Amino acid sequence: NFGYSNKHKKPVTAVIGDYIGPTFILALSSLVLALLIGIPCGIISATKQYSKLDNVLTVISLVGISIPSFFFGLLLLKAFAVDIKIFPLFGFQDATLSNAPFWTRFWDSAWHLVLPTFVLGLGSAASFMRYTRSSMLEVIRQDYLRTARAKGVPEKVVIRKHALRNALIPIITVIGTQLGTCLGGA
């Protein structure tokens, strides 16, 4: 029993129940976006260490970690919801579509989630990129990878099959903590 909400005029558990679904969807979609961007960029950055591409990706990730998500979100809202008017300004679904078919409501909700997912996902992607890069750099220097290269295994196979599998072990731990952060921040 969390009490009664004066603002919503119903029990707090009912208010939480109304918002937990969209919050979970937003957190999960931003985590998936972060993984899809962060891990490949981290792999590229580690395999091309000290190159111009590595430097650019490092600067982008440091900027992504440094900018607060609420500020970045306000900038995107100003640009894409107020000025250009591509995305909706607020809400999870257009209120006029309450009686619309399922797929219409689904795509409308997905359209409402684009900007928030992008804002939360890019900050997390920057973190995942840094973690992946450092983990890959540690694994790339191991003796078993030198042995695989000496046996004539192609470099792409060495990176994908041998190095990435072992480099993802610490990343999986970070994914668990990041999901909690996404749920709390969303």
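Worth pointing out:
- Single match in 78, 52, 48 (criterion: surrounded by 13 or more Cβ atoms within 10 Å (Cβ to Cβ) and either of a type in the set (Lys, Arg) or at positive phi (or both)): 48
- Selected residue (criterion: farthest from residue 21 (Cα to Cα)) from residues of the range 56-67 that are surrounded by 11 or more Cβ atoms within 10 Å (Cβ to Cβ) and not β-branched (Val, Ile, Thr): 57
- Among the residues making up the range 169-178, those that are open to solvent by 50 Å² or more (accessible area, probe 1.4 Å) and of a type in the set (A, V, I, L, M, F, W, C) are 169, 172.
- Apart from one condition, residue 183 fits all of (1) out of contact with any Phe, Trp or Tyr (no Cβ under 9 Å at 6 or more places or on another chain); (2) modelled with pLDDT under 90; the exception is (1).
- Unique residue being at pLDDT 90 or above, under 26 Å from residue 41 (Cα atoms) and surrounded by 12 or more Cβ atoms within 10 Å (Cβ to Cβ) when the list is 146, 165: 146
Listed here are the residues, each with its yes/no results for (1) within 18 Å of the chain's Cα centre (by Cα); (2) of a type in the set (D, E, K, R); (3) more than 14 Å from residue 119 (Cα to Cα).
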| site | (1), (2), (3) |
| --- | --- |
| 29 | yes, no, no |
| 32 | yes, no, no |
| 39 | yes, no, yes |
| 54 | no, yes, yes |
| 58 | yes, no, yes |
| 86 | no, no, yes |
| 98 | no, no, yes |
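- Residues of the range 67-123 satisfying the condition of being modelled with pLDDT of 90 or more and among the basic types (Lys, Arg): 78, 85
- Of all residues in the range 85-120 being in a helix (DSSP H, G or I) and β-branched (Val, Ile, Thr), the one that is most open to solvent (accessible area, probe 1.4 Å): 96
- Once the range 1-27 is narrowed to residues that are touching a residue at least 24 places away in the same chain (Cβ under 8 Å) and of a type outside the set (S, T, N, Q), the residue that is most open to solvent (accessible area, probe 1.4 Å) is 24.
- Of note, residue 132 satisfies the criterion of being touching a residue at least 40 places away in the same chain (Cβ under 8 Å) and over 18 Å from residue 180 (Cβ atoms).
- Meets criteria (open to solvent by less than 40 Å² (accessible area, probe 1.4 Å) and aromatic (Phe, Trp, Tyr)) for residue 70: no
- Residue 39 being open to solvent by 70 Å² or more (accessible area, probe 1.4 Å) and touching a residue at least 40 places away in the same chain (Cβ under 8 Å): no
The values are calculated or read from the model by the stated rules, or taken from the named source; none is laboratory data. For clarity, every value in this text was computed on a predicted model and none was experimentally measured. Here the Cβ is made from the backbone with ideal geometry for all residues, glycine too, and neighbour counts use every protein chain on show. The area values use the complete protein model at the heavy-atom level, side chains included, leaving out ligands, DNA and RNA. Shrake-Rupley method; radii C 1.70, N 1.55, O 1.52, S 1.80 Å.
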